[in-house]
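What follows is a single structure, written as structure tokens, with notes after it.
The values are calculated or read from the model by the stated rules, or taken from the named source; none is laboratory data. Please read these numbers as outputs of a predicted model, since none were measured by experiment. Here the Cβ positions follow ideal geometry from the backbone for every residue, glycine too, while neighbour counts run over all protein chains shown.
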Amino acid sequence: KLFGTANLAMLFGIVMLAHQIGGFFGAYLGGYVFQVTGSYDWVWSVDLVLAAGAALVHLPIREKPVPRAAAGA
């Protein structure tokens, strides 16, 4: 709705690219932190903070229905 369907494929590609980069670095850094500290506690703490931040960023989003023209108008 915000960007239109013309840009949908490009926007989806950008989201998937960011997801894959985050998945790579998340797994790598999680393993590195475990090797250094011997525990996943720090990784889980960072994960909880990031998840809470993402939830707070999305709270103000309110989707509204798109007004449509009446049929036969």
Practice problem: Could you please find all residues in the stretch 35-50 being within 17 Å of the chain's Cα centre (by Cα) and either modelled with pLDDT under 95 or in a loop (DSSP other than H, G, I, E, B) (or both)? | Solution: Val46, Asp47, Leu50
Quiz prompt | the stretch 43-73 - residue that is surrounded by 10 or more Cβ atoms within 10 Å (Cβ to Cβ) and not hydrophobic (A, V, I, L, M, F, W, C) and, of those, nearest to Tyr28 (Cα to Cα) | solution = Asp47
Quiz item: Here are Ala73, Ala18: which of them is closer than 25 Å to Gly4 by Cβ and at pLDDT below 90?
Solution: Ala73
Self-check item: Hey, Phe3 assigned to a helix (DSSP H, G or I) and either of a type in the set (Phe, Trp, Tyr) or surrounded by 10 or more Cβ atoms within 10 Å (Cβ to Cβ) (or both) or not
Solution: no
Quiz item: Restricting attention to the stretch 51-73, which residues are in a helix (DSSP H, G or I) and among the small types (Gly, Ala, Ser)?
Solution: Ala51, Ala52, Gly53, Ala54, Ala55
